[in-house]
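Notes to accompany the following structure.
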Amino acid sequence: MGIEKYLEQLKEIENKFNQYEQDLDNIINKVSANIHHTVISDGVIANPTPYHEERLGCKLNGKIIEAPIISNDCMKYHYDDQNRIIMVEQYSVHFKKFSITDIYLYNGNLTERLIFADVFFGRLCVFDNAFSNTTLCLSYAWRSGYFAEEYIYDGDILREMRCFKYRFNSGIETEIKKFIYEGQKLIQIEYTCQDGEKGLRYTTKRPNFTKIKDVAYNGLKKLITDYKGNFTSLGIEGFIDQQQPMFCVCFTSDSTPNNHIAEWNVEMHDVNLYDWQFNDTQMKKCVKIIAEIIVELVEEGLLKGKQIYFHQNQVCVTRFYSSAKSVFKKANIVVK
C-alpha cells in the first residue's frame, strides 16, 4: 500500500490545518513571543527534512550575514531558547518587506511545519525527528491534496525516498527517489515516476562540453558520410532534456518533407551525448554546440544544397533553441 495507509492521519492533519487557519494570528503572536535570537542569511541555510533543497534541484549554500540585504534570497531564521528554528522569513524585492514563509511547532517527537506562500497559509506538514533523520512526513496542501514521504535509511545514510501524492483533481501519483553518494557526500538524486519517467532532481556532476562536442560532431558526420543513397533533407530532432541527452538524425529524399520530423516515416539514428540530465543552462549550451556543428558541416561541404531541419521534441521548451537561431543567422544558414 502507498498513501492509502495514511489517509486517516492525513484527514486529521487536514482538520488541524483548518483549526490553525482560524487561529493563525494567535499562533504567529505566540511563536513571535518565543523568539530568542535571529540569524540573517543570504540564501537557505537549513533543510526542514533531509536534503529538502537538493530535492528541489538546489544546493544548501546560504551564507550567514550581519545585516539584511535587498534581495529575494535574504532570509531571517528565528530561534527559540533551545536553539530550534521556530520561524523563517524571506525578503521580497517586489513588496519591499520580509514575509513569513515557515513556522515550526514542536510537539514531543513530532514537528509541525506551517508553510506560507505570498503570506497565505497553504500547507501543513507533520514529521518526526525534526531536521535530522526524518522517517515519515505527512502533509495536507489547501485545495491540492494529501502527501506522504517515506525516508529509507542504511544506518544513518538516506538511501531512498518514497513519495505519494493524492491530488483531489487527478488521483494518486508515486515517485521514488534514490540518493547516490561518494563516501559521505551526496552527489546525485535520481527519480522514477509511476509512469516510468526517469530523471535527476539533483547532481554535482559537471559535463565536459569539449568531449560532448567531439561526440556530437563525429557522430553526426559519420551518419552523413555513411548514408547509403541520396537525400535532399536532413532532420535533427533534439531530446536534450532527457535523462540521457541525445538527438536523433534522419534523412529523406523528399524535397518538401513535413515540418514535424517525427512524421517523416524514415529510420531514426540516435546520437547519445551524455549520461545524465542537463540543467537549463547546460541544455542551452548543448543546443548551441549542435548548431555550431551543423554550421561546420555545411562549411565542409557535407550538407551543400541540402535542406536542414533542427527541432526540439515536444517536451523540450522552445526557449532553449534561441541560441541555435543566433548561430545560424550569424553563419547565414537557413535551418528550418
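With the condition being touching a His at 6+ places or on another chain (Cβ under 8 Å), I'd like the strands (runs of 3 or more DSSP E) fully within the range 180-241 carrying at least 1 qualifying residues.
233-239
Which condition number in (1) open to solvent by 60 Å² or more (accessible area, probe 1.4 Å); (2) over 20 Å from Lys11 (Cβ atoms) is the one that Ile176 fails?
(1)
Kindly indicate which of Ile180, Ile172 is free of Cβ contacts under 8 Å to residues at least 24 places away in the same chain and more than 20 Å from Asn272 (Cα to Cα).
The match here is Ile180.
Val287: at pLDDT below 90 and open to solvent by less than 50 Å² (accessible area, probe 1.4 Å), yes or no?
Spelling it out, Val287 is indeed at pLDDT below 90 and open to solvent by less than 50 Å² (accessible area, probe 1.4 Å).
Considering only residues that are in a helix (DSSP H, G or I) and surrounded by 16 or more Cβ atoms within 10 Å (Cβ to Cβ), which ones fall in the range 1-13?
Ile3, Tyr6, Leu10, Ile13, listed by residue number.
A quick yes/no check of all residues on (1) under 30 Å from Arg123 (Cα atoms); (2) open to solvent by less than 80 Å² (accessible area, probe 1.4 Å); (3) modelled with pLDDT of 90 or more:
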position	(1), (2), (3)
Ser170	yes, yes, no
Lys213	no, yes, yes
Gln242	no, yes, no
Cys248	no, yes, yes
Asn258	no, yes, no
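Restricted to the range 98-136, and to residues that are among the polar types (S, T, N, Q) and either open to solvent by 70 Å² or more (accessible area, probe 1.4 Å) or part of a loop (DSSP other than H, G, I, E, B) (or both), which residue is farthest from Ser32 (Cα to Cα)?
Only one residue tops the list, namely Thr135.
Take the range 104-121 and flag every residue that is in contact with a strand residue (DSSP E or B) (Cβ under 7 Å, 6 or more places away or on another chain), closer than 20 Å to Ser144 by Cα and of a type in the set (A, V, I, L, M, F, W, C).
Leu114, Ile115, Phe116, Val119, Phe121
Every residue, every condition in (1) in a strand (DSSP E or B); (2) loosely packed, with under 15 Cβ neighbours inside 10 Å, yes or no:
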residue	(1), (2)
Asn29	no, yes
Ile40	yes, no
Pro50	no, no
Glu53	no, no
Pro68	no, no
Met75	yes, no
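Is there a residue being touching a residue at least 24 places away in the same chain (Cβ under 8 Å), touching an Asp or Glu at 6+ places or on another chain (Cβ under 6 Å) and over 17 Å from Glu8 (Cα atoms) anywhere in the range 142-159?
There is no residue in the range 142-159 that is touching a residue at least 24 places away in the same chain (Cβ under 8 Å), touching an Asp or Glu at 6+ places or on another chain (Cβ under 6 Å) and over 17 Å from Glu8 (Cα atoms).
The values are calculated or read from the model by the stated rules, or taken from the named source; none is laboratory data. Treat the numbers as computed from the prediction; the structure is a model and nothing was measured. Note: ideal-geometry Cβ built from the backbone for every residue, glycine included; neighbour counts use all protein chains shown. These area figures cover heavy atoms from the full protein model, side chains too; ligands, DNA and RNA do not enter into them. Shrake-Rupley method; radii C 1.70, N 1.55, O 1.52, S 1.80 Å.
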